[in-house]
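Presented below is the structure to which this report refers.
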Amino acid sequence: SYTNNVTKEEKALLVEKKLPGKFTKYNSNNGYVKGAKEGVTDTRTIELECGKVPLEDFVQAFSHWVYVHSNHNLIVCDLQGVLNEEGRYPIFQLTDPAICTRKGPRYGKTDMKINGIRNFCRTHRCGLVCKGLGLKCIPSLLECNNFLISRDDQVKLFVEFYRPSRSILCCC
């Protein structure tokens, strides 16, 4: 905290350590997901048993994991920061996240409530990390309170996706 010399009013101050490296926005509370529209990633990959995975998929899977493990009541998004590769293992150092809640706003102006959750769900595409974590896919199109299937009829595999109060089907 500091004291204003003129008014003698005490103020709180929050300071973060400067993150070294290239600052990247991975997703947001308005539906942006890095690489979703571009179709390409410019990030490093890591070789897992299931195949080659872009490291940024771990950030997207984290948002999905929070959504599932909060019983679909909140999502942590607006994830941005740097990929620190100085140590033995790469580490995402993220800052200034938004938390969107089903019944918000509980976490400030960036809590876009159910719309923030819908925005992420509308654009997120599960990858090998989501599958490796055992996360069920999020339907690709979300309108009102209904999930709609938007993939070709050729898709034959469906899984049951549970939400509080209703069970629906989605494409994977």
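Would you please name the residue that is least open to solvent (accessible area, probe 1.4 Å), looking only at residues in the range 103-125 that are assigned to a helix (DSSP H, G or I) and aliphatic (A, V, I, L, M)? Show your work before the answer.
Residues of the range 103-125 assigned to a helix (DSSP H, G or I): 113-123.
From what's left, aliphatic (A, V, I, L, M): 114, 117.
Working: ILE114: 40, ILE117: 3 Å².
Step by step, filter the range 103-125, then rank; the result is ILE117.
Residues in the range 128-146 that are in contact with a helix residue (DSSP H, G or I) (Cβ under 8 Å, 6 or more places away or on another chain), at pLDDT below 90, closer than 19 Å to TYR32 by Cα and of a type outside the set (S, T, N, Q): CYS137, ILE138, PRO139, LEU141, LEU142. Scanning the range 44-80 for residues that are in contact with a Phe, Trp or Tyr (Cβ under 9 Å, 6 or more places away or on another chain) and in a strand (DSSP E or B) yields a count of 6.
From the list GLY39, GLY21, GLY35, GLY31, the lone residue that is surrounded by 10 or more Cβ atoms within 10 Å (Cβ to Cβ) and modelled with pLDDT under 85 is GLY35.
Please tell me if ASN73 is modelled with pLDDT of 90 or more and farther than 20 Å from LEU135 by Cα. So ASN73 does not fit the description; no.
Assess whether GLY51 counts as being over 12 Å from the mean Cα position of the chain (by Cα) and small (Gly, Ala, Ser). Lay out the reasoning, then the answer.
Details: over 12 Å from the mean Cα position of the chain (by Cα): yes; small (Gly, Ala, Ser): yes.
Yes: the conditions hold for GLY51.
The values are calculated or read from the model by the stated rules, or taken from the named source; none is laboratory data. Computed from a predicted structure; not experimentally measured. Methodologically, a virtual Cβ is constructed for each residue, glycine included, from the backbone with ideal geometry; neighbour enumeration extends over all protein chains shown. Ligands, DNA and RNA are excluded from the accessible area calculation, which covers all protein heavy atoms including side chains. Shrake-Rupley method; radii C 1.70, N 1.55, O 1.52, S 1.80 Å.
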